[in-house]
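This report concerns only the one structure given below.
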Amino acid sequence: MDPNYAPYVPVVIVTILVVGLAAVILLLNRMLGPRRPTNIKSIAFESGADPVSKPRHRMSVKFYMTAILFLVFDLEVVFIYPWASRYRAWLADDAFAPVAFGGMILFVFIVTLGLLYEWKRGAMDWE
Amino acid sequence: MPDTVVNLVDSPALGVLIGIAGVMAALTVNVLFLVWLERKVSAWIQRRMGPTEVGPFGMLQTIADMLKLISKQLITPRHVDKPLYHIAPVFVFVPVVAAASLFPFDEHVSLQNLDIGLVLVFAFGGLGIVGIFMAGWGSNNKYALLGAMRAVAQNISYEIPLILSTLSVVLMVNAMGDANTNGMNLAQVASMQHDKGFWFVLVQPVAAVIYFIAALAETNRAPFDIPEAESELVAGFHTEYSGMRFALFFFAEYSNMFIVAMVATVLFFGGWSGPLLPGAMWFFLKTYAIVFVMIWIRWTFPRLRFDQLMSFCWLVLIPLSILNLLVTAFIARAV
């Protein structure tokens, strides 16, 4: 195996063990708990009343604008991660030093313009 | 130099297993204690007694509750999306435990000291949201679906200021150190605060405040507990879950609270660094101090409205955190 991956092995082992632990817990619950399903128990909970219509209706999801905004900003964060990590090295490097700060200002400026545009178009208005 | 628990014993496999067992035991004990603490503090704020019956000061109440939950019926309602419904509790539970194994509890005590520790913690945090939406969609319940929608919108929005505020610390750590310094490495961030002799909350107060607010929202805690607003949505995304399935969600929620407090401890409050007491003790003392403030806020402030929540994030926190990052970069360039 590539030695670069060696530090991540414990994290993978933890993940696998925890999946096993959760499975054991649920299995124990299944063994210890009673199993007496009734008609009332197995209908969807709607504050005691009979469920009205199906829940998977088409509904207006106001949040899709938020999701689009999130995609843009998450990509921005993805670009900022390496920039924040390499910033010091870039400042020391003559080829990068002039753009290390100004480049990020320009990048953030463009993304902020996008945010302003979305705001003016009403993405933040929740009625 | 023993860098991790894994290197302390001769056999690496044994070291890994001891470390994993230690992390999992520590997390479980802390979460059980945390649930008790939340109930006691809320009782204290509301001038009640809280749990008193089981064990000294009711400390064993959570264990009693766990035993009760494990003997309850696992109800699977009709018309649920079976694969999603069954996987969701595990999917929410696993990432938080995995994330908890990444922290440096003392100077040389961590399960594995990763160079991208901070990134991984947030990556695991992001996975939990997928599990929450699986639960909400799979449950075939209107309350669950609405709660999950709100949880997703809220979590993805507040993830951005959360990460941006920590990145300004990363940038600062890199600028203050030498070429080998890595601000994403949680152990190095803590050591640097120990060596410099001050906590980063003093030089990055804006980032610390933004981080704390965003962390409250990420853990779905009041005043940002709109995804689980009991008065309107019953229990939000886990309405249809019973027994240990519910307990897994509950455990994940409290572990999450503990994890964001641990990140804050490492990034802003010096991690294990402190006089007299051993490092791990300081680490947990600081974490519990932050957790206590989170509980205090939950039982003091009323819930926000959803539009207030979203516009506060997009129009205040995100611009402010970007500005903070740029100012940090500017100062790092000038120094």
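The values are calculated or read from the model by the stated rules, or taken from the named source; none is laboratory data. None of these values were measured; they are calculated from a predicted model. Note that each Cβ is placed from the backbone with ideal geometry, even for glycine, and that neighbours are counted across all protein chains shown.
Checked against the criteria, residue B:40 does not count as charged (D, E, K, R), part of a helix (DSSP H, G or I) and over 25 Å from the mean Cα position of the chain (by Cα). Taken together, the residues in the stretch B:63-87 that are part of a helix (DSSP H, G or I) and without any contact (Cβ under 8 Å) to a residue 60 or more places away in the chain amount to 10. Beta carbons closer than 6 Å, at least 6 apart along the sequence or on distinct chains, never pair a first residue in the stretch A:64-88 that is more than 7 Å from chain B (Cβ to nearest Cβ) and farther than 22 Å from residue B:172 by Cα with a second that is loosely packed, with under 15 Cβ neighbours inside 10 Å and among the acidic types (Asp, Glu).
Annotation note: Cβ proximity below 9 Å between a residue of the stretch B:245-270 that is under 17 Å from residue B:34 (Cα atoms) and a residue that is part of a helix (DSSP H, G or I) and of a type in the set (Asp, Glu) (sequence gap 6+ or interchain) occurs for B:247/B:65; B:253/B:228; B:254/B:38; B:256/B:218; B:257/B:38; B:260/B:218. Would you pick out the residues in the stretch B:143-166 that are surrounded by 24 or more Cβ atoms within 10 Å (Cβ to Cβ) and under 24 Å from residue A:85 (Cβ atoms)? Within the stretch B:143-166, B:158, B:161, B:162, B:163, B:164, B:165, B:166 meet the criteria.
Residues of the stretch B:199-244 that are among the hydroxyl-bearing types (Ser, Thr, Tyr), in contact (Cβ under 8 Å) with a residue 60 or more places away in the chain and farther than 21 Å from residue B:268 by Cβ: B:239, B:241, B:242.
Applying the set (1) at negative phi; (2) buried (at least 21 other Cβ atoms within 10 Å of the Cβ); (3) within 14 Å of another protein chain (Cβ to nearest Cβ) to residue B:236 leaves exactly one unmet item: (1).
Residue count for the stretch B:140-171 under the criterion of being in contact with a His (Cβ under 8 Å, 6 or more places away or on another chain) and of a type in the set (Ser, Thr, Tyr): the result is 0. Sort through B:92, B:109 and tell me the only one that's of a type outside the set (S, T, N, Q), out of contact with any Ser or Thr (no Cβ under 6 Å at 6 or more places or on another chain), in contact (Cβ under 8 Å) with a residue 12 or more places away in the chain and crowded, with 24+ Cβ neighbours inside 10 Å. Of B:92, B:109, the one residue that is of a type outside the set (S, T, N, Q), out of contact with any Ser or Thr (no Cβ under 6 Å at 6 or more places or on another chain), in contact (Cβ under 8 Å) with a residue 12 or more places away in the chain and crowded, with 24+ Cβ neighbours inside 10 Å is B:92.
Taking the numbered list (1) in contact with a helix residue (DSSP H, G or I) (Cβ under 6 Å, 6 or more places away or on another chain); (2) surrounded by fewer than 19 Cβ atoms within 10 Å (Cβ to Cβ); (3) under 30 Å from residue B:303 (Cα atoms) in turn, residue B:100 passes all entries but (2). The residue list B:248, B:325 contains one member that is more than 30 Å from residue A:33 (Cα to Cα) and surrounded by 17 or more Cβ atoms within 10 Å (Cβ to Cβ), which is B:325.
Looking at the stretch B:250-335, the helices (runs of 4 or more DSSP H) lying wholly inside it that each contain 3 or more residues that are within 22 Å of residue B:186 (Cα to Cα) sit at B:279-298, B:318-334. Pairing residues of the stretch A:1-14 that are in contact (Cβ under 8 Å) with a residue 12 or more places away in the chain with residues that are assigned to a helix (DSSP H, G or I), at Cβ distances under 9 Å and at least 6 apart in sequence or on separate chains, gives no pairs at all.
Residue B:103 meets the stated requirement of being within 14 Å of chain A (Cβ to nearest Cβ) and under 27 Å from residue B:289 (Cβ atoms). The set of residues in the stretch B:54-75 that are over 26 Å from residue B:24 (Cβ atoms) and either touching a strand residue (DSSP E or B) at 6+ places or on another chain (Cβ under 9 Å) or at pLDDT below 80 (or both) contains only B:75. When the stretch B:32-79 is filtered for residues that are within 14 Å of chain A (Cβ to nearest Cβ) and among the small types (Gly, Ala, Ser), only B:71 remains.
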